[in-house]
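Enquirer: For reference, the structure I am asking about is given below.
The values are calculated or read from the model by the stated rules, or taken from the named source; none is laboratory data. None of these values were measured; they are calculated from a predicted model. Note that each Cβ is placed from the backbone with ideal geometry, even for glycine, and that neighbours are counted across all protein chains shown. What goes into the accessible areas is simple: the full protein's heavy atoms, side chains included, and nothing from ligands, DNA or RNA. Shrake-Rupley method; radii C 1.70, N 1.55, O 1.52, S 1.80 Å.
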Amino acid sequence: MKKNVIGAGIAILIGVAVPLVFRSYWLHVAIIALYYALLASSWTMLAGFSGQFSFATMALGGIGAYTSALLVINVQLPMWLALICGALAATVVGLLIGVLVLRMRGPYLALFTIAFSELVRITLNAEYQLTRGDMGLTVPHLYTTVSKTPYYYTMLGLLVGSLLVMWTVLRSRYGLFFRAIREQEEAAAVMGVNVVRYKIMAFVISSFFAGLAGSFFAHYIGTLTPNSMMEIPRMGLLIAMSVIGGIESLAGAVAGAVLVEFLQEYLRALEMWRFVIFGLALVLILRFSQNGLIYPIYQRFAARRVEPRTVADAEA
Amino acid sequence: MKTFLTFMGVIGLVVCIGGSLGWSQDQVILGGVAPLSAPGAAESGAEMKIAMEMAVSEIGQILGKPIKLQVEDTRGLPEEGTAAMNRLADAGAAGVVGEFHSAVANAEIEVANQRKLPLIIAEAWADVITAKHYPYVFRIAPANSLFYTKVSDWVKAIGAQNVVAIVENTDWGLGIDTVFKETLHDQKNIDGDPVQYTSIVAERTVTDFTPQLLRYKSMSPRPDLVMDIFTGTGEYLIVKQTGELGLAPNRETLVFAVGTSALYPEYWETVGKYGVFSITKTGYHPLLGVTPAIKKFNAEFEAKTGKTPTFAAMEAYDSIHVLAQAIEQAGSTASDAIVAALEKIKYDGVLGTIYFSADKKPDYMYHQWPGAKAVIIQYTAEGQKYTDAELLWPAALMP
Amino acid sequence: MLEVAELVKDFGGVRAINKLSFTVGENELLGIIGPNGSGKTTTINLISGLFKPTNGRITFRGKRIDGLPSYEIARRGIGRTFQVTQVFHRMSVLENMMVPALAVPHKGEEKDQKKKALRILGFLKIDHLRNEFARNLSGGQQKLLELGRILMLDPDVIMLDEPFSGVHPKLKMNIHEYIKEMHAEGRTFIIISHDLQSIFNLSQRLIVLNEGTKICDGVPQDVKDDDRVVEAYLGD
Amino acid sequence: MDFFVAQALNGLIIGLLYALIAIGLSLIFSVLKLVNFAHGECCMMGAFVSYYFSTLFGINPLIAVFLSMVVVFLLGVAMQYFFLRPLYTGAVERKDEYAILITFGLGIFFQNLAMSLFGPWTKKSQDFLSGVTSIGFLTVDNNRLVVSFVAIAIVLALLLIINKTFVGKALRAVSQDRDAAAIVGINSHRINMLAFGVGVALAGGAGALIGPIFLISPMMGILPGIKSFVIIVLGGMGSIKGAIIGSLLLGEIESLGSIYLLDPTRGLAYKNAFGVLLLAIVLLVKPTGLFGERHVRME
C-alpha cells in the first residue's frame, strides 16, 4: 500500500521531468503515449476488473473527440467546457450501450461493441457536411502556443487525475463488486450484488475517461478523421497495449501503452512489420502469460516480500 | 519498492533513448511526405518517393553540403500527415515536398504554417490547399477548379445531357463534385440542351456500388457519362461494376475514371476488358510534347522501376528540384529566405517552366503554379499504357 | 415462511417444472431429492431469482418474490450455494466474504463486518486462509467458503445445492455439524443432495421430485417406503 | 418493377456470399461455444491464397478456391491446436475472456501480417467466367452467377454432411453436450479441430470467391467479419438455419434498403450500417435471435 504510493509518486516525478529531456517530436510521442495510457487504463478497468470485453473504447473516444470539436467549432463553446461535454457525451452513449446489452453475457457485448464502433465510424463518415468525414476535421487547439510542453502537462494531469479516480473506485466496495461480477456473475447476484447496476456503472465510468481522452486528443492533434481514430486495427493496438502491460492492473495498462507507443516510434524502420510484432506479442502473451508481460515481472519481485503462506502450509 | 523503481526505470530508459537521438548539422535535410502504405494510395506514394530520390541524387549538393532526403509515410491519414510534418520539422528539414491526398495535405499545411516550414505540394488538387493563402505553402499540381471547369467544357462539347457521378467523400472528390455542380448542372450543352448532373457520395471503404449503379441504369434517358470520382480500390470497382451491369462503356454511356489510379497497371489487372473505351485524365501525355527533360526522366525512371512514370512522379521530381534551387538562390536554409526565393523562382522542369503566382484571385491561385496542364484521354485497347491512350481534350491538341 | 405455489418453468418447449407446490416452515430443515433432471436445481434457481418462472407464485414471509431480481431476494434473506462451487476465484477469501457484507445496504460498519467475517471463518476453521486467493483453496475449503459467504448475508433461509458432492468424508461430517449448529440457531434450510444417506440423516422433511413434479412429501421414513420414489429412482 | 427485381437479385447474390461466411462462424460457435473474431481475416487469407495459386501457379481459379479452402482449413486446425485447445484442457482460466481476446488478437495479427507480406495494394483474382449474362432487363456478371452456384453447392454439401454422416452426428453431439459425447467415445478435441477448420475454411472459400468480384486487399476481411457477426446474432447463435436465413435477409436489406430507405447519397454511405442497426433492434426485441434458444456461456 505504502509502497504503491511511493512508486506512483516516483512515476509521476519521472513523468513531470520528461519535457526537460525530450525534444518537440519525442514530446509529441510522449503525449500520444499518455493519451493511449488513459484509454488503455479505462479499458483495463472495464475488461480487466469488471470482465466486460468491449471493443468500443476507441469509438467512445471518437465520440468525445467529435462532440468536443464540433461544439467548439459550431457553438463556440469555451474549450474546457467542450472538453467536459465531450467526455459526458461518451458517458451518455456508454450508458445507452450499457442499458442495451449489459444484460447479456459471453461474447454478445464484444459482438455488439464491434458493430457499434463501425456504426459510429460510418456515421461520422457519412455526415461529412458536419464532420468532414475522411477529409479530416480541423479542430482549434487547446493552447495558442506552438510548444508542446503545456499539452504534455495537461495530458499528464488528466491521466494522473483519472487514474486516481479509477483507483479510488476500484479500491472501494464498487471495485469489489466489479471483480465479483467478473468472477461469477450469478454468485454475485445471489450474494446481493445488483449486477446490472454495477456493470453499467463500470461501463459508464470507463466511457467517461475514454471520452475525456478523446476530447483532449482532438484539441491537441488538431485534425480528426473517423477512419484513423476508430478503425478496428486501432482498437487492436489498444488491446495489445493493455494486454502487454497486464490486463488486471492500471499501472500495467499505463506502462504497456507507454512501452508500445515508444517502441512503435523506434521501430519505424520496420514499417508495417512492427505491427506484426505487436500482434504476435499480443497472442503469445495471451496464450502463455495471461497477466501480461510487465505486471508479472513487477509482481514476481514484489511477491518476495509477502510472507510465505501457501495452501499446502496451511493444511499441514 | 525497489522493484517498482527498477521497473519504471527500465521504461524511462527506453523512452529516453529516443529523446536523445541526435542529428548532424553539416548536411541539408529535404523532407518528403507521401502515402507509402494503406489506406493511402501506396502505388502513387512509392512512385513519388523514387522520383524524389532520383532528383536528390542528380542534385548532389546544396550550398556545398550533402543532401539528406527523409521521406515520411503519411498512410493517407491526416493525423499521420501532421505527425510526419512535425517529425521533419524536428529533424531540421529545410523544406518539404510531396503529398498525394488532399485531406492529408490540408492537415500538413497547418503544420507548415505553424512551424514555418516551406512545403511544396506535389500532387493534391483540392482548391482549399492554396486558398488558405499560407505563406509557406506552394503547389505544383493543378487546383481542382483549374482543371475540372475544363472537363465541364468537354462534357458540354460532346453534347452530354445526363451526367451521373459516384463521389468519394474527400476534399478532392467533393471539390470536383462542387465544380461540376456549378459548371455543369443546368448549363446548356453544345446543342443548347440543359445538362443534368446527379451525384452520390460514398465512403472509401464501400465495395458494392451495384444498387446505385442499377439506379443510374434505370434512369431515363440513359446517362451519357458516368463519372467515377474515386481513387484506389473504389475507382477500380466502380469501373468494373459499371461494366458488369452493362451500364458503360458502350454506345450510349461512357465511363470517366477521374482518379489517378486509372493510370497504373493495376487498373487493367482489376477492371479487365471493362476498361476499354474508359476515359481518364492525366497531367502528362506524350502528345503534349516530349521534351528532352521528359525523355531523360522517363528513361531513367523506367530503367529503375520497369514502369512508366505518371505525372505524380514528375511533380514530385520537379518539386525537389524547385526546392533545391530555391535554397541555392536563398543562400541559406532559413525558411523565410526560401519562401522569398520560391516566390521569385523560375525553373525549367519536366512538366514545364515552374513558377508560382502571387494572385489572390481566384483564391486558389496564390502560390499556385498556373501552368499545370491536364488532359482527358481514352483507352482504346485492353492493357494499354496510358501514354498510348488517345487524347480527347483539349481538342486543339488532337493530331 | 416460504411458499411455492403452482410453479411452472418451461425451457424452449420443455417443461422442467410442472405445477410444483410446497411450503417451508420456520426453522425447518427440508431436503429435496430426485433423480437427475428432475428439476431440483431449477427449483432453487427459481426461488433465488436466477430464473423467472413461466407461471406460479413464490411467497416469502407473505410477500411475492417471484420476478424479483436475485440480489433483491438475497437481501430479503434467502441465501444459496451452487452445485458447482462458485467462489470468486481471483479474490482473497476475506474479499469473498466481504462481497455480501458490503452489497446489502445498511449492514453496518465495514470494520464490524470484517470482524464478523473473521468470526465466521473461524467457526468454519478456514480463517488461516483469509488472505489466500480463493482459487488456491481445495474443493472442500471452497465449499466451506461458499457456506461462510452465505452466513455474511444473515439469511433466514439457506438453500444448499449438493453440499456434500466431491467432499472428503471427514469434511462431510464437519459440514453436517455446521448445518446442525446453524439450524439450532434458528435458520431454515433447504438441501438438495444425491447423498441420500446424509440427507435422510439431516432432514426433518423430504420432498421428492420426478420430471418436474412433486411425487412425495413427508418425513424421511415415509418417503423411504414410498413405492413411487423407489420406482422413480429405479427408472432413472 | 424491373428495377426492384434487379435490386433483389443483387441482394440475393450478396446474401449467398454472406451465408458462406456466416455458416462457418455459426458452426464454430455451435461446437466450440466461442465466437471467432478472426473470421473476417480467415476470409481474407482465403482470398490471397487462391489469388497466389491462380496467378503464380496458373491453377484454374475455381480449383484454386478449393485449394485455398484446404489451406485455410489447415491454418484453422493449427490455430485451434495452438491457441484454442487449451480452453478445453483446462490450461486457461477465464475461458470467455480468453476466447474473445485470442481470436481478436489473431485477427489483428493476420491483418498486419498480410499487409506486410502481400503489400497494401488492391489485387484482383482471375475471373471464373468473364462476361455478363443478360436475361431481358437483367444483366448479371458471370462471376457473380458462378459464385452464387458454388456458394449454394458448398452450403448444400455442408448441410448434407451435418445431417447425414457420422461426422455430422458427432459434430451435433458435441455441440449439444460435450460431456455426453465424450462418454459415447467421441473425441471432442478432434471434433473441435474439425469444426474450427471447416468453419474458417468456409470463410476462406468465401474470400476466394469474392476475389474476382470485390477485389482483394489485407483489410478486406473487416467488413465481412462484422457482417457475419451481425448475421449469427440475427439468426440465433449457433443455428446454421438461422445463419442462412439471416444472411439472405441482410443481403436484401442492404441492397433494397440503400435504395428505398434513404435518399440516394445517404443510402450508399449508410449501407454498411444497416446490419448494425438491425443487430441493435434484434438485441432489444429478441436477444436470442430468430432461431437461437438461449444464451450460451463457456465454462
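Enquirer: Can you tell me how many residues within the range B:189-205 are in contact with a Leu (Cβ under 6 Å, 6 or more places away or on another chain) and assigned to a loop (DSSP other than H, G, I, E, B)?
Expert: Count: 1.
Enquirer: Can you spot a residue in the range A:50-64 that is more than 18 Å from the chain's Cα centre (by Cα) and small (Gly, Ala, Ser)?
Expert: Checked the range A:50-64: no residue is more than 18 Å from the chain's Cα centre (by Cα) and small (Gly, Ala, Ser).
Enquirer: Now for a different question. Given the criteria in contact (Cβ under 8 Å) with a residue 60 or more places away in the chain, within 11 Å of chain D (Cβ to nearest Cβ) and outside any helix (DSSP H, G or I), does B:Val167 qualify?
Expert: So B:Val167 fits the description; yes.
Enquirer: Inside the range B:335-345, can you point out the residues that are in a loop (DSSP other than H, G, I, E, B) and open to solvent by 50 Å² or more (accessible area, probe 1.4 Å)?
Expert: Once the filter is applied, which keeps residues that are in a loop (DSSP other than H, G, I, E, B) and open to solvent by 50 Å² or more (accessible area, probe 1.4 Å), the range B:335-345 yields only B:Lys344.
Enquirer: Conditions first: (1) within 17 Å of C:Leu209 (Cβ to Cβ); (2) open to solvent by 50 Å² or more (accessible area, probe 1.4 Å). C:Val24 passes all but one, so which condition is the exception?
Expert: Among (1) within 17 Å of C:Leu209 (Cβ to Cβ); (2) open to solvent by 50 Å² or more (accessible area, probe 1.4 Å), C:Val24 violates only (2).
Enquirer: So the check is Cβ under 6 Å with 6+ separation or different chains; which pairs have a first residue in the range D:130-152 that's more than 21 Å from D:Met69 (Cβ to Cβ) and a second one that's open to solvent by 30 Å² or more (accessible area, probe 1.4 Å) and in a strand (DSSP E or B)?
Expert: The qualifying pairs are D:Thr139/D:Val132; D:Val140/D:Thr133; D:Asp141/D:Val132; D:Asn142/D:Thr133.
Enquirer: Still on this model: Got a sec? Which of C:Gln142, C:Gln221 is farther than 28 Å from C:Ser21 by Cβ and open to solvent by 10 Å² or more (accessible area, probe 1.4 Å)?
Expert: C:Gln142
Enquirer: Examine the range A:203-223 for a residue that is within 14 Å of chain D (Cβ to nearest Cβ) and either at pLDDT below 90 or crowded, with 24+ Cβ neighbours inside 10 Å (or both), and state whether such a residue exists.
Expert: No, the range A:203-223 has no match at all.
Enquirer: Then there is this: Is it the case, given these coordinates, that B:Thr353 is surrounded by fewer than 16 Cβ atoms within 10 Å (Cβ to Cβ) and among the hydroxyl-bearing types (Ser, Thr, Tyr)?
Expert: For B:Thr353, the condition - surrounded by fewer than 16 Cβ atoms within 10 Å (Cβ to Cβ) and among the hydroxyl-bearing types (Ser, Thr, Tyr) - is met.
Enquirer: How many residues are within 14 Å of chain B (Cβ to nearest Cβ), touching a Gly at 6+ places or on another chain (Cβ under 8 Å) and under 23 Å from D:Leu129 (Cα atoms) when one looks only at the range D:188-227?
Expert: Total satisfying the criteria: 4.
Enquirer: Got a number for residues in the range D:204-246 being under 15 Å from D:Phe37 (Cα atoms) and under 14 Å from the mean Cα position of the chain (by Cα)?
Expert: Residues in the range D:204-246 being under 15 Å from D:Phe37 (Cα atoms) and under 14 Å from the mean Cα position of the chain (by Cα): 17 in total.
Enquirer: Then there's this: So A:Leu170 fits all but one of (1) over 26 Å from A:Gly7 (Cβ atoms); (2) more than 14 Å from chain D (Cβ to nearest Cβ); (3) in contact with a Lys or Arg (Cβ under 9 Å, 6 or more places away or on another chain); what number is the exception?
Expert: (1)
Enquirer: Just for the range B:41-52: of the residues that are free of Cβ contacts under 8 Å to residues at least 60 places away in the same chain and under 12 Å from B:Gly98 (Cα atoms), which one is least open to solvent (accessible area, probe 1.4 Å)?
Expert: B:Gly45
Enquirer: Out of A:Gly86, A:Gly62, A:Gly9, A:Gly48, I need the residue that is on the phi < 0 side of the Ramachandran plot, part of a helix (DSSP H, G or I), of a type in the set (Gly, Ala, Ser) and open to solvent by 20 Å² or more (accessible area, probe 1.4 Å). Which one?
Expert: A:Gly9
Enquirer: Would it be correct to say that D:Leu249 is closer than 28 Å to B:Glu244 by Cβ, open to solvent by 10 Å² or more (accessible area, probe 1.4 Å), of a type outside the set (Val, Ile, Thr) and within 13 Å of the chain's Cα centre (by Cα)?
Expert: no
Enquirer: Out of all the residues in the range B:82-97, which are at pLDDT below 90 and not hydrophobic (A, V, I, L, M, F, W, C)?
Expert: Once the filter is applied, which keeps residues that are at pLDDT below 90 and not hydrophobic (A, V, I, L, M, F, W, C), the range B:82-97 yields B:Thr82, B:Asn86, B:Arg87, B:Asp90, B:Gly92.
Enquirer: Could you count how many residues in the range D:267-283 are out of contact with any strand residue (DSSP E or B) (no Cβ under 8 Å at 6 or more places or on another chain), hydrophobic (A, V, I, L, M, F, W, C) and within 9 Å of chain A (Cβ to nearest Cβ)?
Expert: Going through the range D:267-283 one residue at a time, the tally reaches 6.
Enquirer: In the range D:66-125, which residues are open to solvent by 10 Å² or more (accessible area, probe 1.4 Å), more than 14 Å from chain B (Cβ to nearest Cβ) and of a type in the set (Gly, Ala, Ser)?
Expert: D:Ala78, D:Gly90, D:Ala91 - these are the residues of the range D:66-125 that are open to solvent by 10 Å² or more (accessible area, probe 1.4 Å), more than 14 Å from chain B (Cβ to nearest Cβ) and of a type in the set (Gly, Ala, Ser).
Let's see how each residue does on (1) in the same structural domain as B:Pro78 (by TED's automatic domain parsing); (2) crowded, with 23+ Cβ neighbours inside 10 Å:
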site	(1), (2)
B:Val104	yes, yes
B:Gln114	yes, no
B:Lys150	no, no
B:Gly159	no, no
B:Thr170	no, yes
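Enquirer: So which residues in the range B:92-122 are aliphatic (A, V, I, L, M) and either within 8 Å of chain A (Cβ to nearest Cβ) or touching a Lys or Arg at 6+ places or on another chain (Cβ under 6 Å) (or both), if there are any at all? It would help to see each step written out before you state the result.
Expert: Step one: of the range B:92-122, the residues aliphatic (A, V, I, L, M) are B:93-94, B:96-97, B:103-105, B:107, B:109, B:111-112, B:117, B:119-122.
Listed by number, the residues that qualify are B:Ala103, B:Val104, B:Ala107, B:Ile121.
Enquirer: Across the range A:248-269, what is the number of residues that are at the interface with another protein chain (Cβ under 9 Å from one of its Cβ atoms) and open to solvent by 10 Å² or more (accessible area, probe 1.4 Å)? Give the derivation first.
Expert: Residues of the range A:248-269 that are at the interface with another protein chain (Cβ under 9 Å from one of its Cβ atoms), as a first pass: A:248, A:251, A:255, A:258-259, A:262-263, A:265-266, A:268.
Then keep just the ones that are open to solvent by 10 Å² or more (accessible area, probe 1.4 Å); that gives A:248, A:251, A:258-259, A:263, A:265-266, A:268.
Residues that pass the stated criteria total 8.
Conditions tested, residue by residue: (1) more than 30 Å from B:Leu245 (Cβ to Cβ); (2) in a loop (DSSP other than H, G, I, E, B); (3) at pLDDT 85 or above; (4) in the same structural domain as B:Glu168 (by TED's automatic domain parsing).
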site	(1), (2), (3), (4)
B:Ala262	no, no, yes, yes
B:Glu266	no, no, no, yes
B:Lys295	yes, no, yes, no
B:Glu300	yes, no, yes, no
B:Ala303	yes, no, yes, no
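Enquirer: Next question. Residue by residue through the range B:20-36, note down the ones that are away from chain A (no Cβ under 14 Å) and either open to solvent by 90 Å² or more (accessible area, probe 1.4 Å) or at pLDDT below 60 (or both).
Expert: Passing the criteria: B:Ser24, B:Gln25, B:Asp26.
Enquirer: Might you let me know whether the range A:183-193 holds any residue that is within 30 Å of C:Val87 (Cβ to Cβ), small (Gly, Ala, Ser), assigned to a loop (DSSP other than H, G, I, E, B) and at the interface with another protein chain (Cβ under 9 Å from one of its Cβ atoms)?
Expert: Yes, some residue in the range A:183-193 is within 30 Å of C:Val87 (Cβ to Cβ), small (Gly, Ala, Ser), assigned to a loop (DSSP other than H, G, I, E, B) and at the interface with another protein chain (Cβ under 9 Å from one of its Cβ atoms).
Enquirer: Could you check C:Gln113 against (1) touching a helix residue (DSSP H, G or I) at 6+ places or on another chain (Cβ under 7 Å); (2) surrounded by fewer than 16 Cβ atoms within 10 Å (Cβ to Cβ) and say which number it fails?
Expert: Of (1) touching a helix residue (DSSP H, G or I) at 6+ places or on another chain (Cβ under 7 Å); (2) surrounded by fewer than 16 Cβ atoms within 10 Å (Cβ to Cβ), only one is false for C:Gln113: (2).
Enquirer: Say whether the condition of being closer than 25 Å to D:Met44 by Cβ and away from every other protein chain (no Cβ under 14 Å) is met by at least one residue in the range D:253-266.
Expert: No, the conditions are met nowhere in the range D:253-266.
Enquirer: Also: Do we have any residue at all in the range D:134-146 that's within 20 Å of the chain's Cα centre (by Cα), open to solvent by 20 Å² or more (accessible area, probe 1.4 Å) and within 13 Å of chain B (Cβ to nearest Cβ)?
Expert: Yes.
Enquirer: Further question: I'm trying to understand the selection: among the residues of the range A:110-141, which are more than 18 Å from B:Glu80 (Cβ to Cβ), more than 7 Å from every other protein chain (Cβ to nearest Cβ) and open to solvent by less than 10 Å² (accessible area, probe 1.4 Å)?
Expert: A:Thr113, A:Ser117, A:Thr131
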